[in-house]
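Here the structure comes first, spelled out in structure tokens, and everything after it is commentary.
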Amino acid sequence: MKKLFSTVMVTLCVCLTACTSEKAITFEQLPADAQTLIKTHFANDPVSYVLQEREALSVEYEVRLASGSKLEFDSKGGLRKVDCDIRPVPEALIPQAVLDYVKNNFPDTTINEWGKDDRRWKAELSNKLELEFDSNYRFIRIDD
């Protein structure tokens, strides 16, 4: 019985992995919301490449800019994550409650990465601290 279960699980994993594909697409093939966000907040940072990642039941997009910034979008073009490396994320992309919390508690830092990880929102600061926030953008803890 254990051997049968193991065989079924391995087969399932292989099938799901085979259903995953990644391909380069043009900027114009991105969902409209993603295009608008990039044109609005990263107008002076040319797009290096765009990848479309298809998994069994979902589609996601990854955009890399010339500066090295990386953006991830869901299938509808909603921003999931933005990583500006050593530069600050444009404040317009971060909820005001998070901006206020960081300015009040870490005044000499900037948010260089912002996005949703599992069920929580995370902000990585310029001092490399990672802060976690709930779905209402209330501070939960410092992630270590």
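Tell me whether the range 88-109 contains one or more residues that are farther than 23 Å from PHE27 by Cα and touching an Asp or Glu at 6+ places or on another chain (Cβ under 9 Å).
Yes, the conditions are met somewhere in the range 88-109.
Report yes if some residue within the range 94-104 is within 21 Å of GLU60 (Cα to Cα) and β-branched (Val, Ile, Thr); otherwise report no. Explain how you work it out, then say what you get.
Of the residues in the range 94-104, the ones within 21 Å of GLU60 (Cα to Cα) are 94.
If we keep only those that are β-branched (Val, Ile, Thr) as well, we get 94.
For the range 94-104, residues within 21 Å of GLU60 (Cα to Cα) and β-branched (Val, Ile, Thr): present.
Tell me, which strands (runs of 3 or more DSSP E) lie completely within the range 100-144 with 1 or more residues that are among the basic types (Lys, Arg)? Don't jump to the end; show me each part of the working.
Values: elements: 111-117, 120-125, 130-133, 139-143.
Qualifying strands (runs of 3 or more DSSP E): 111-117, 120-125, 139-143.
For the range 96-121, what are the residues that are under 19 Å from HIS41 (Cβ atoms) and surrounded by 14 or more Cβ atoms within 10 Å (Cβ to Cβ)?
Result: VAL98, LEU99, VAL102, THR110, ILE111, ASN112, GLU113, TRP114, GLY115, LYS116, TRP121.
Rundown of residues vs (1) within 15 Å of GLN29 (Cβ to Cβ); (2) not basic (Lys, Arg), yes/no style:
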| site | (1), (2) |
| --- | --- |
| THR40 | no, yes |
| ASP45 | no, yes |
| LEU51 | yes, yes |
| LEU57 | no, yes |
| GLU60 | yes, yes |
| SER67 | no, yes |
| GLU72 | no, yes |
| LYS76 | yes, no |
| ASP83 | no, yes |
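Taking the condition of being under 17 Å from LEU131 (Cα atoms), crowded, with 17+ Cβ neighbours inside 10 Å and in contact with a helix residue (DSSP H, G or I) (Cβ under 7 Å, 6 or more places away or on another chain), how many residues in the range 57-92 meet it?
Of the residues in the range 57-92, 1 are under 17 Å from LEU131 (Cα atoms), crowded, with 17+ Cβ neighbours inside 10 Å and in contact with a helix residue (DSSP H, G or I) (Cβ under 7 Å, 6 or more places away or on another chain).
For the range 86-99, enumerate the residues that are part of a helix (DSSP H, G or I) and closer than 24 Å to ARG64 by Cα. Don't jump to the end; show me each part of the working.
Looking only at the range 86-99, we keep the residues that are part of a helix (DSSP H, G or I), and these are 91-93, 96-99.
Answer for the range 86-99, where residues must be part of a helix (DSSP H, G or I) and closer than 24 Å to ARG64 by Cα: GLU91, ALA92, LEU93.
Can you run down the residue pairs with Cβ atoms below 6 Å, 6 or more apart or on separate chains, where the first is in the range 41-57 and closer than 15 Å to VAL89 by Cβ and at pLDDT 95 or above and the partner is of a type in the set (Ser, Thr, Tyr) and in a loop (DSSP other than H, G, I, E, B)?
ASP45/SER67
The values are calculated or read from the model by the stated rules, or taken from the named source; none is laboratory data. Remember, it's a predicted structure, so these values are computed and weren't measured experimentally. Quick reminder, even Gly has a Cβ in these numbers, built from the backbone with ideal geometry, and neighbours come from all protein chains shown.
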